[in-house]
Amino acid sequence: SAVLARDPRLIAREEGLRGEFKEFGRRLRSGDLGSLPVVVGLVVIWAIFQSLEPNFISAQNLTNLSVDLVGTGMIAVGIVFVLLLGEIDLSVGSVSGLAAAVFAVLNINQGVPEWLALIVAIFCGAVIGAVHGFFFAKVGVPAFVVTLAGLLAWNGLMLQVLGSNGTINLDDQGLLASLTSHYFSDISAAYGLATVSVGLYFLSSWLDSRRRKAVGIPSRPMSDILLRTAVLAVLAFTAAYWLNQYKGLPLALVIFLAVIVAFDYVLRRTSYGRKVFALGGNVEAARRAGINVAAIRISVFTIAGAMAAVGGLFLASRITSASQTSGTGNLLMNAIAAAVIGGTSLFGGRGKTWSALLGMLVIQSIASGMALMGIASAIQFMITGAVLLAAVVIDSISRRTQKTAGRA
């Protein structure tokens, strides 16, 4: 009876690798699907496009895809934080466009050094996010209304900043342009990054297991750590191989992965991250636990604003210009869709920064495959919308199943 009363996840860890597979099956039956749906969907999408267009899985297309997803992906990382609270930010597209306009005016028109213009543009995005957070957390205006007003206001300010010309071309040899145009052509760069990533993952997993054993807490067995490390190694070195077949390792992808890892650490390994998840789970319970709800909310919207600015700068870098169309179109919807498709719940309290990468891989893969096949963008929008709806449906069913199983 004492064994039955224990958490089955702890029992699974004590049983080793076999127990991990049993725990994985139990989580699936209880509705805790994790990233499984998007991974399966990504495999299906790639298989379909490769069968229809042999050049889809080619070094050039995959390299271009890995750079194209970075701009919107950066914005999606900020959206993940907002969604973890169970809220939404509709202003990120306009904020990204404004950041690009601010950088262009400062650097090209005013002669401000690029590094300083970059900092100012990102700072503007952070300040705008803090303003949204203040009205939401302190004044009590719904986040939907605040950010909808921001969508209109910041887009208007972007047009005002750009002036009558409407378009400002950037230096195609400058610092900003190099963010998406620079590649590490030496093959050791991609393979080195893969080696370091796999090594750090194994080291962190082993140290975590060792710390748990030292205090008598059930930990992952070495067989499980080795299996996970092997899977990561296969993925990392395969990606490195394909990137080296074209231009090499893109700088933009390195920065994007570094940002994801850094924010993932913040969410999973710091008290701040636990407070964000607590607010997304139950605001009143978090308040009673002593969490400064207003401060966390403001900080989350500040992160979203800053990441929107970073994403806007990467998008401007890709086309080496800032124009009246910056931050418009389907950018906002793609950023939100990427976070949701990647596994972040619209209901708050569940998600991770890796959702931005997985979701953008799905969206950008659809866009890339459609472009190679010459299919109209209208079809792309319909397919992306269907994928987004499927992700939300899966999330809703998953939450309902978890409530039934007593895990929500």
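The values are calculated or read from the model by the stated rules, or taken from the named source; none is laboratory data. In this text, all values refer to a predicted model and were calculated from it rather than measured experimentally. Glycine also receives a Cβ, built like all others from the backbone with ideal geometry; neighbour counts cover every protein chain displayed. For accessibility, only protein heavy atoms count, side chains too; no ligands or nucleic acids. Shrake-Rupley method; radii C 1.70, N 1.55, O 1.52, S 1.80 Å.
Think of each Lys and Arg Cβ as +1 and each Asp and Glu Cβ as -1; about the Cα centre, that makes the dipole of region 166-295 roughly 920 debye.
What do you get for the angle between helix 17-29 and the principal long axis of the chain? Use alpha-carbon atoms, 0 to 90 degrees, nearest ten. Roughly 70 degrees, rounded to the nearest 10.
Each Lys and Arg adds +1 at its Cβ and each Asp and Glu adds -1 at its Cβ; summed about the Cα centre, the chain shows a dipole of about 1880 debye.
3J(HN,Hα) couplings calculated from phi for region 158-175 with the Karplus curve 6.51 cos²θ - 1.76 cosθ + 1.60 (θ = phi - 60°) are, in sequence order, 4, 4, 5, 5, 5, x, 6, 5, x, 9, 10, 7, 9, 5, 6, 10, x, 4 Hz; Gly and Pro show x. Across region 131-148, computed HN-Hα scalar couplings (Karplus, 6.51 cos²θ - 1.76 cosθ + 1.60, θ = phi - 60°) run 4, 4, x, 5, 5, 6, 7, 9, 7, x, 6, x, 4, 4, 6, 4, 6, 5 Hz from first to last residue, x flagging Gly and Pro. Taking amide hydrogens as placed 1.01 Å from N in the peptide plane, the amide H of residue 184 sits under 5 Å from those of 249, 251, each at least 5 positions away in sequence or on another chain.
The residue list 262, 295, 236 was ranked by how far each Cα lies along the charge dipole of the chain toward its positive end, using unit charges on Cβ atoms, and 295 comes out on top. Between residue 321 and 170, the built amide H atoms are under 5 Å apart, and every one of these is 5 or more places off in sequence or on another chain.
Here the accessible area of region 226-319 is 66 percent carbon and sulfur, with a 1.4 angstrom probe and all protein chains present. Along the axis of the charge dipole computed for the chain (Cβ charges of +1 for Lys and Arg, -1 for Asp and Glu, origin at the Cα centre), the listed residues 276, 335, 99 are led at the positive end by 276. Magnitude of the charge dipole for region 237-352, about its Cα centre and with charges confined to Cβ atoms of Lys, Arg (+1) and Asp, Glu (-1), is about 340 debye. Per residue of the chain, the DSSP helices (runs of n ≥ 4 H) give a summed -39500 (n - 2.57) that works out to -24500 deg cm²/dmol at 222 nm. For the chain, the longest principal axis of the C-alpha atoms and the axis of helix 377-405 are separated by about 30°. Taking Cα atoms only, the orientation of helix 92-104 departs from the longest principal axis of the chain by about 50 degrees.
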